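No value in this document is a laboratory result; all are computed from the given coordinates. Quick caveat: nothing in here was measured; it's all calculated off a predicted structure. Counting neighbours? That spans all protein chains shown, and the Cβs are built from the backbone with ideal geometry, glycine included.
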Amino acid sequence: MNYSVRELIKADLYRYYGHYSFGLLCKNMLNANRGFRYSFWLRLCNSGNPIIRILAKLMHRRLSTRYQIQIPPHTRIGPGLYLGHGTAIIVNEAAVIGKNCNLSHFVTIGSNSGKSAIIGDNVYIGPNSCIIEQVNIGDNATIGAGAVVIKDVAADVTVAGNPARVISTKEPGRFVTHRFGNQSS
């Protein structure tokens, strides 16, 4: 399903607070919420308005340097992106990220072959995790802190370690809160 830039921004804000409003949007643009500020400008890089798109690309470049986050604007990312701690995140441009995904600090989703990971919906990726090459991460998966993922991860499991192995099937996706799409409007 295709979402408008406006819907994506609302979904991202919802993930942080469990609701959204224009006032909350303004507060987060002026406040130091690095994760949301970065995703806001990232989303606007795909605006249909050329003036907004140019401004957004300048801000995206500035914030990428400032926060040490490298997510190319044309990366396919579903609604409800949550950047925990808003620093040191690298995502390959070929990656595909589903809705309601959490990316913690020092996460790398990389590839040397040009084909990167496909990440499902409601996935939590813990700090210092690496997802290498073309792997599939199933819905509601949890990638533990420091995990190195080099093989596919099934849905509804928690993996950890180097290389990552299944350590639990209890409470899948438990760290993904305020899921966009589950609220009643």
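Of 27/99; 57/170; 27/115; 99/170, which ones are farther than 30 Å apart at the Cα? Too far apart for the 30 Å limit: 57/170; 27/115. Residues whose amide H falls under 5 Å from that of residue 146, counting only those 5 or more places apart or on a different chain, are 128, 129, with hydrogens built in the peptide plane. When the chain is described by a simple charge dipole with +1 on each Lys and Arg Cβ and -1 on each Asp and Glu Cβ, the residue from 65, 77, 92 located farthest towards its positive end is 65. Sorted from greatest to least, the principal axis extents spanned by the alpha carbons of the chain come out as 45, 39, 30 Å.
Using only Cα coordinates, the Kirkwood hydrodynamic radius of segment 1-72 works out to 12.5 Å.
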